[in-house]
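> Pasting in a structure now, in structure tokens, and then I'll have a few things to ask.
Just so you know, all these numbers are worked out from the coordinates, no wet-lab data involved. Worth saying up front: this structure is predicted, and the values here are computed from it rather than measured. Note: ideal-geometry Cβ built from the backbone for every residue, glycine included; neighbour counts use all protein chains shown.
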Amino acid sequence: MEKRVKFRGWLLPLLLIAPQVVISAVFFFYPAGQAIWQSLFIPDPFGLSMQYVGLGNFEFLLSDKFYRASFATTAVFSILVTLCSMIPALFLAVIADRLIKGSGVYRTLLIWPYAVAPAVAGVLWLFMFNTRVGVVSWYLGQLGYDWNHVLNGGEAMGLVVVASAWGRISYNFLFFFAALQAVPKSVIEAAAIDGAHFWRRFWTIVLPLLSPTTFFLLVVNVVYSFFETFGVIHTITAGGPQQTTTILVYKVYSDGFVSQDLGSSAAQSVILLIVVGLLTVLQFKFIEKRVHY
Amino acid sequence: MAREVHGMVEKRGAGLWLTHVFMILGVLVIFFPIWLAFVASTVTQADIIRPPMPVWPGDQLWTNYKNALFSGVNVPVGTMLLNSLVMAVGIAVGKIIISLLSAFAIVYFKFPGRSLFFWLIFLTLMLPVEVRIVPTYEVVAGFGMLNSYSGLIFPLIASATATFLFRQFFLTIPDELAEAARVDGARPMRFFWDIVVPMSRTNIAALFVILFIYGWNQYLWPLLITTDPEMNTIVMGIKQMFPSGDDFAHWPTIMATSILAMIPPVIVVVGMQRLFIRGLVDSEK
């Protein structure tokens, strides 16, 4: 789409666009270029010179069992976060949609967790499950279950998944609720006249009509669990125990800043860049579809 | 007839009650972590380290919050709140200003390199700061911007979501307005200030809400570049309050800080709910 009416001149528009171009160049393009460049080198142990290794960093990474484990961890983590945040959200939205009065009050209460930063959410959940003072872990102990996410990798994963999914329930709820409100009431009523009861209407009419929203939320939640959950992991487990909760973004951080392995960290950045690119393409493909829908 | 159908579709009587019960249960479960944090911020450390902790608030609210705000653990939480406020407002205002200007240039002008710039800006949509942390850190360190507000703000406004939002919106402004302005001999910047900016008010407000929360909730970036506790933001500062050894964390102070960290974004989200939902839907389109 283009404007028919344009103003003349070229100096003014260049001045207008300059701030964004300069900031993007300095804080975006240069660092991104650096990441690609550094991924082709290994610095010597004294940091004095760089040795060109071509795709060596990538070959090393892809054969590294810790890196591959981190890929698998990320996949499990993002699938679980997506499911644990979308299913309760859909359930709550379906219930709220059945109410004529009062759904606004529930909505106001339910959007609270969205405002809570992932890192703060991490601290809240850590507090509940803390091995020494946590309320939930204490009651689990009374029931005979010995909760210890500091030592047990599965429990650590469960805790970071729930803490990450918690705030996303609000977000998904808002989108599902809006989509449900947009489903034409006449269609639902017609089905009701034909004798279809609630769950039948839900499976055969409502859920298919929600599919664009569902697909959109799937992609957005995967992106969220890849990139925005660093705070949760860092506050609760710091990637442990034994790297069982080290997702890819956490590994870029721990290899780059904690272990100072710059070549490997840069190569990991490039791999993540490709992953983001693929996810973005998926997202745009979907948006095109939604316009036609 | 219509009445009966409504009865079938929207629940009444027992079904309605059940619906409310489910909804209230859902809200309670979702709220539980926040409630527990609030309770923990009103009791003493002794109440917490002997589990189970109480589930109703105690009488230490004033003591704990005063202690957190004015002494904290490493640095008073008041200082961290101020840092977060500067960072969040800086990111929101900075991004809105540069995006308004560049979207105006892209939509209303024809100039050399226009499509090249357009695509360059478009590319920045793709890469969150989490992915390019090491080289971005080096750039910021090179400029001597570690432990500074500009170091906290600038790298996070280098993304084009807002530019695209404004571009989409400008394209819906009727051409007649620009035509009239041109016939009247109005200069482009006059048109910008008198027509475009006032018409974008709602979009600007919605975007402000979203960007404020984005900035306030940042964690990784402040963690990397603010090594001086005086520059910590509240969201990253909470983790710094935990002792490194085997000591007990001082939970009442930490939980009071957690509550303080969520109050500003919650006020923004709940208080400006309609703008917030609009901004959320717009920025994901």
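> Rank A:Ser49, A:Ser254, A:Ser264 by mean-square fluctuation in a GNM of chain A with C-alpha springs under 10 angstrom and give only the top-ranked residue.
A:Ser49
> Would you mind telling me which residue in B:Ser41, B:Ser71, B:Ser258 has the biggest mean-square fluctuation in a Gaussian network model of chain B, where springs connect alpha carbons within a distance under 10 angstrom?
Its mean-square fluctuation being the largest, the pick is B:Ser71.
> Can you compute the FRET efficiency between B:Asp194 and A:Arg8 using 1/(1 + (r/R0)^6), with r the Cβ-Cβ distance and R0 = 25 Å? Round to the nearest 0.05.
Computed FRET efficiency for B:Asp194 and A:Arg8 comes out at 0.85.
> Same structure again: Given only helices, namely DSSP H runs of n ≥ 4 each adding -39500 (n - 2.57), what is the per-residue ellipticity at 222 nm of chain A, to the nearest 500 deg cm²/dmol?
Dividing the helical sum by the residues of chain A leaves -22000 deg cm²/dmol.
> How well do other chains shield peptide B:141-150, expressed as the mean number of their Cβ atoms within 10 Å of each residue Cβ?
Mean inter-chain Cβ contacts per residue within 10 Å come to 0.
> Answer rounded, prolate or oblate for segment B:8-93, using the Cα gyration tensor with square roots of eigenvalues a ≥ b ≥ c: rounded when a/c is under 1.5, else prolate when a/b is larger than b/c, else oblate.
Note, shape of segment B:8-93 comes out oblate.
> Additional query: Defining a contact as two alpha carbons under 8 Å apart and six or more residues distant in sequence, what relative contact order in percent does chain B show?
Across chain B, relative contact order equals 30 percent.
> Okay, next question. Pick from A:Pro113, A:Pro212, A:Pro184: which is most flexible by mean-square fluctuation in a GNM of chain A where alpha carbon atoms under 10 Å apart are linked?
Top of the fluctuation ranking is A:Pro184.
> Rounded if a/c is under 1.5, else prolate if a/b is larger than b/c, else oblate: which is segment B:165-237, with a ≥ b ≥ c the root eigenvalues of its Cα gyration tensor?
Judged from the Cα gyration tensor, segment B:165-237 comes out prolate (a/c at least 1.5, a/b above b/c).
> Rounded to whole Hz and in sequence order, give me ³J(HN,Hα) for segment B:71-82 from the Karplus expression 6.51 cos²θ - 1.76 cosθ + 1.60, θ = phi - 60°, writing x for Gly and Pro.
Here the 3J(HN,Hα) series is 10, x, 10, 8, 8, x, 5, x, 4, 5, 4, 4 Hz.
> Moving on. Per residue of A:235-242, count partner chain C-beta atoms within 10 Å of its C-beta, then hand back the mean as an integer.
Across A:235-242, the average partner-chain Cβ count within 10 Å equals 1.
> Counting only other chains, and only Cβ atoms inside 10 Å, what mean value do you get across the residues of A:254-262?
Mean shielding count: 2.
> Provide the three semi-axes, in whole Å and in decreasing order, of the ellipsoid equivalent to segment A:183-293 as defined by the square roots of 5 times the Cα gyration tensor eigenvalues.
Working through the eigenvalues yields semi-axes of 43, 18, 8 Å.
> Right, another one. If contacts are Cα pairs under 8 angstrom and at least 6 residues apart, what is the relative contact order of segment A:72-290 in percent?
29 percent
> Among the listed pairs A:Lys101/A:Lys185; B:Lys66/B:Lys239; A:Lys65/B:Lys239; A:Lys6/B:Lys95; A:Lys251/B:Lys239, give every one whose C-alpha distance is greater than 21 Å.
Exceeds cut-off: A:Lys65/B:Lys239; A:Lys6/B:Lys95.
> Take each uninterrupted DSSP H stretch in chain A, measure its Cα extent along the helix axis, and return the ones at 20 Å or beyond whose mean Kyte-Doolittle hydropathy is at least -1.0.
A:65-98, A:153-181, A:211-227, A:262-292
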